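Here, each number is a calculation from the coordinates, and none is a lab measurement. Every value quoted in this text rests on a predicted model; they were computed, and no experiment measured them. Here the Cβ positions follow ideal geometry from the backbone for every residue, glycine too, while neighbour counts run over all protein chains shown.
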Amino acid sequence: KALGDVWVVAPDRERNAIGHALTLHKPLRITNIGKQVFSINGTPTDCVNLAVKKLLRGRPALVVSGINRGVNLGDDVTYSGTVSAALEGTILGVPSIAVSQEGKQTFRFGVAAAYAVRVARAVLRYGLPEETLLNVNVPDRPRASIAGARITSLSRRRFDDPIIEKVDPHGRKYYWIAGTRVTWSRRKDSDYEALRRGMVSITPIHLDVTHYAALEQLRGWETLIERGRKKTRRTK
């Protein structure tokens, strides 16, 4: 609140790993919890959409998504509802940041909030590059023990756990997607390495995910695909 007029618009329940899902085939309902505090029976993306387009009196200066319980590092950003909400804010033309706090059973939300304020203040003062959001991850340390902040790249990780198969009382198989044994890439500038060293990671993420370096490399496929299309047409 030290930075301005704060509105809270959040899902009415946990929405872990829901990604950038948008509710299109059922009605969304808004519940007023308190002064400028609302819950919605939808996804994080729904919340940003309704907040920006319906609830707020004017266009917001900033979208802050989180604080998420647990980090969103590397490939997590493709699954994360927290990051996707910031992505939606960016799509709508509002500067946006996603904030996540490392932890297991307990979480130092006060530490994450303090760094969220610092990042938000910088964004409000200096702005962000066009179509870019910030993904902020805060290590599980007391504020005095944090070793600083680092601008980082996304790491890569691989889950080594198998799919767990079980059988219910009716003899039908069901499955759990496991995710506990993790192998991380070890690039020095990555978000994972920053957190491992006790630093806050701040990763700029761009809306355009085109692999520009591959465009020329794949140009030759155009001719091959066109030939294949004509060949298929002749054989029908």
By how many nm would the segment from residue 141 to residue 28 grow when fully extended, if each residue of separation counts as 0.36 nm and the alpha-carbon distance is taken off? 36.9 nm
Virtual spin-label span in nm between residue 104 and residue 156, 7 Å along Cα→Cβ: 2.9 nm
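Among 48-60, 98-110, what's the highest-first ranking by average C-beta atoms within 10 angstrom per residue? Please report the intermediate quantities before stating the final value.
Values: 48-60: 15.8, 98-110: 17.5.
For the peptides 48-60, 98-110, the packing ranking is 98-110, 48-60.
Just to confirm a number: summing +1 for Lys and Arg and -1 for Asp and Glu over residues other than residue 174 whose beta-carbon lies under 13 angstrom from that of residue 174, what do you get? Present the calculation step by step, with values, prior to reporting the outcome.
Details: positive: 166, 172, 173; negative: 165, 168.
Surrounding charge for residue 174 is +1.
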Convert each backbone phi in the stretch 188-197 into a coupling constant with the Karplus relation 6.51 cos²θ - 1.76 cosθ + 1.60 (shift: θ = phi - 60°), then list the ³J(HN,Hα) values in order as whole Hz, x for Gly and Pro. 5, 8, 7, 4, 4, 5, 4, 5, 4, 8
If each DSSP helix of 4+ residues adds -39,500 (n - 2.57) and the sum is divided by the residues in the chain, what number results at 222 nm, nearest 500 deg cm²/dmol? -8500 deg cm²/dmol
With a 10 Å cut-off between alpha carbons and a GNM built on the chain, which of 129, 169, 44 moves the most? 169
Residues with amide H under 5 Å from that of residue 190, placed H, sequence gap 5 or more: 153
First select every other residue whose beta carbon is under 14 angstrom from the beta carbon of residue 32; then total the charges, Lys and Arg +1, Asp and Glu -1. +2
Of the candidate values [x] 22.6; [y] 18.3; [z] 20.2, the one computed for Kirkwood radius over Cα pairs in Å from this structure is [z]
With springs connecting C-alpha atoms under 10 Å apart, model the chain as a Gaussian network and identify which of 18, 33, 202 has the largest mean-square fluctuation. 33
Could you tell me which residue out of 123, 66, 80 lies farthest along the dipole of the chain toward its positive end? Charges go on the beta carbon: Lys and Arg +1, Asp and Glu -1, centred on the Cα centre. 80
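At 0.36 nm per residue, and after removing the present C-alpha to C-alpha distance, how many nm does the segment from residue 164 to residue 224 gain when stretched out fully? Don't skip to the end; give the middle numbers.
Details: separation 60, 0.36 × 60 = 21.60 nm, distance 4.14 nm.
Gain in length upon complete extension: 17.5 nm.
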In the chain, lysine pairs closer than 29 Å at Cα, eight or more apart or cross-chain: 11
